[in-house]
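Quick notes on the structure that follows.
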Amino acid sequence: MSTSSLLLALLGDARLPSGGHTQSAGLEPALRAGTAPAEVPAYLRARLRTVTLVEAGTAVVARAVAAGGGDLGEVEAAWAARTPSQALRANGRRLGRGYLRVLQTLWPGPLDARARGWSRPVILGLLAHRAGMAPVDVARLVGYDDAQTVTAALLKLEPQDPLLITAWVNDLLPDIDAMAAQVAHLHTPAQIPAHGAPLIERWAEIHDTTTERLFSA
């Protein structure tokens with residue numbers, strides 16, 4: 001296994017202290033709204049084509065901009081413009097602070113004063129640049145992390161056979177690879193996909209005001 005593959009495994013590990021354990025990737029409000037556990041594979045694919053695609057494209061572009069010495073604030077603004085839900089934007093920035101700690105601990109270096117307010121995909125792009133990750137790998141990381149976040153949350157919210165859940169993620173791997181290949185060539189904020197998911201965004205807004213919940217998002 002190459003160093004790049006090991007790095008991808010490290011960053012995709014649920015034990016990484018980045019705050020991922022607080023997330024269900026929208027699954028908790030989706031289940032509350034009537035989504036059945038058997039529909040989770042379809043939910044995963046819907047996310048992969050929409051919100052996850054936007055995040056993966058943002059991370060790839062952030063990596064390219066960081067490598068060129070450009071302004072990551074412009075990438076953050078492009079991500080925000082493609083994330084109309086205030087709740088999703090706020091959550092993305094909370095997760096960004098978690099990954100910022102990972103970045104500064106494992107790959108320390110000069111940091112823009114605005115970085116604490118940047119979202120997870122932008123910080124991931126900066127991390128990918130400093131760690132020497134390939135664009136396609138950072139996109140794969142975003143896709144795999146999203147799938148694992150959803151399925152790990154399902155085991156807590158609606159317990160299922162863990163091997164069935166693992167099979168769902170395994171079946172999704174070719175789709176994650178295809179998504180990563182779709183965005184790996186992106187270089188500028190204007191190229192970031194703008195694929196919305198209005199229902200997921202609506203559920204996120206409702207969940208943000210729910211008082212009895214297991215996950216923050």
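Some notes on this structure:
- The chain has equivalent-ellipsoid semi-axes of 26, 19, 16 Å, by the square roots of 5 times the alpha carbon gyration tensor eigenvalues, sorted largest first.
- Gain upon complete extension [ALA67, HIS187; 0.36 nm per residue less C-alpha separation]: 42.2 nm
- Between the beta carbons of GLN104 and THR211, assuming R0 = 41 Å, the FRET efficiency works out to 0.75 to the nearest 0.05.
- Distance histogram in 10 Å bins (all Cα pairs of the range 69-172, percent per bin): 13, 39, 31, 14, 2
- For ALA38 and ARG114, the difference between the fully extended length at 0.36 nm per residue and the C-alpha to C-alpha distance is 23.2 nm.
- With the helix formula -39500 (n - 2.57) applied to DSSP H stretches of n ≥ 4, the chain reaches a computed 222 nm mean residue ellipticity of -21000 deg cm²/dmol.
- Estimated inter-spin distance, ALA9 and HIS21, nm [label 7 Å along Cα→Cβ]: 2.2 nm
- Of the accessible area of the chain, computed with a 1.4 Å probe over protein heavy atoms only, carbon and sulfur atoms account for 56 percent.
- Among the DSSP helices (H) of the chain, those spanning at least 18 angstrom by Cα along their long axis with an average Kyte-Doolittle hydropathy of 1.0 or more are 51-67; this is a geometric and hydropathy rule only.
- Here the extension length gained between ASP177 and GLU74 equals 34.4 nm, from 0.36 nm per residue of separation less the Cα-Cα distance.
- Peptides 184-190, 97-103 ranked from most to least packed, by the mean per-residue count of other Cβ atoms within 10 Å: 97-103, 184-190.
- In nm, spacing of pseudo-spin labels at LEU163 and ALA81 (7 Å Cα→C-beta vector): 5.0 nm
The values are calculated or read from the model by the stated rules, or taken from the named source; none is laboratory data. Please read these numbers as outputs of a predicted model, since none were measured by experiment. Using ideal geometry, Cβ is built from the backbone for each residue, glycine included, and neighbour counts are taken over all protein chains shown. Side chains are part of the model used for accessible areas, which takes the heavy atoms of the whole protein and leaves out ligands, DNA and RNA. Shrake-Rupley method; radii C 1.70, N 1.55, O 1.52, S 1.80 Å.
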